[in-house]
Structure formats: structure tokens, C-alpha cells
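The values are calculated or read from the model by the stated rules, or taken from the named source; none is laboratory data. What you are looking at is a predicted structure, and each value in this text was computed from that prediction instead of being measured. Please note: Cβ atoms are built from the backbone with ideal geometry, for glycine as well, and neighbour counts cover all protein chains shown.
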């Protein structure tokens, strides 16, 4: 259980922060940028939930919890030491990725195939989900960049990749099952 009785610690006043293993790194490190962006995404999901109801809201609730799992995973370097740890760190799993895939497939069955790219917008919920999609893509890019220099759980990267697709399909569902999608008209304003 987490107990936070004091919010400020002053330990970051010189531009460093602690990772989950206790090591200290610069707040602008690639690892902190990667999991910090997943935290930013989680906040955007919270805003999207203000417009969500029913199944989408329940799914967003699950995803918000997964985002905390992802942050816990990303803040713990040294995956090669997981097996010897007294308390193994929380890691993203293939099952979490598979759940997103199943939800995408289920939502996509309700939609007509796209014949054009769509513009981010339509309903308020769809617009918020498109913001989530783009922030998720940034989080994924940062995680992939980190994976080029440090060990990163591949399931964390896969989760972010599927999640951005999930947001895209969910935005179409939020647009009256795609009927209210705003289609791109190439060269419309020439």
C-alpha cells in the first residue's frame, strides 16, 4: 500500500528525481520524459472521462489504472535484475496488450471502413480521445527512444502502440459510430 503523508520532499530542488529503484537521475532524463509523458496522458484521459459514459468510461477507467502500471514499469530500470529482486517490480504484461486488441476489434466491428482520413474532432469526447491518441503517440516515441539506449519492457512499448489505436477507434465510436467523423478533404482550401 502507498502512503503519502507529505507531498513535497525538497529532494528534487536541484533538478534530480528518484527512480523506482532509488537511483537518482536528472529530471530531464529520457526515462523520466517517457514515464512523465505517460502521466500527462493519464491526465488527458481524466479530462476525456468528463464526457464519457457507459462502456467507454469503464474502459477509460481500466486504462487509467494501466497507465499507473506503465509508469511503475518505466520508472524501474534494470529489468535484468527483476528475477533476483526481493519484491519483483510491476511490469506491463502481454495480457494487458491483448485486452486492448480485443476491445479494438470489438469496437471496430461497429464501424464502416474509412474511405478518408478523419480530422480530430466531432463530439467533445471524440476530440478529447484524439488528444489522448496524439499524446500516447508521443509517449510511445519517447519509450522507443529510451529503448534504444536502456532496457525497456517491450510490453510497455506494445501497450502504448495499441493504446493509441484504441483511442482512434474509440473516438470514432464517440462520433456516433463513425457517422459524425469529420473527414479530411485533401486540398479543400486551395
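Numbers below:
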item: Subset tally (residues that are in contact with a helix residue (DSSP H, G or I) (Cβ under 7 Å, 6 or more places away or on another chain) and surrounded by 23 or more Cβ atoms within 10 Å (Cβ to Cβ)) for segment 169-180; result: 3
item: Residue list for segment 157-180, filter: in contact (Cβ under 8 Å) with a residue 40 or more places away in the chain and closer than 18 Å to residue 51 by Cβ; result: 166, 169, 170, 171, 172, 173, 174, 175, 176, 177, 178, 180
item: Criterion violated by residue 35 - all others in (1) within 21 Å of residue 103 (Cβ to Cβ); (2) outside any loop (DSSP other than H, G, I, E, B); (3) touching a residue at least 40 places away in the same chain (Cβ under 8 Å) satisfied; result: (1)
item: Those helices (runs of 4 or more DSSP H) lying entirely in segment 89-190 with at least 1 residues over 21 Å from residue 20 (Cα atoms), modelled with pLDDT of 95 or more and touching a strand residue (DSSP E or B) at 6+ places or on another chain (Cβ under 8 Å); result: 154-174
item: Answer from 140, 109, 150 - the residue that is touching a helix residue (DSSP H, G or I) at 6+ places or on another chain (Cβ under 9 Å), exposed (fewer than 15 other Cβ atoms within 10 Å of the Cβ) and either without any contact (Cβ under 8 Å) to a residue 40 or more places away in the chain or more than 17 Å from residue 52 (Cβ to Cβ) (or both); result: 150
item: Failed condition for residue 65, given (1) more than 12 Å from the chain's Cα centre (by Cα); (2) loosely packed, with under 15 Cβ neighbours inside 10 Å; result: (1)
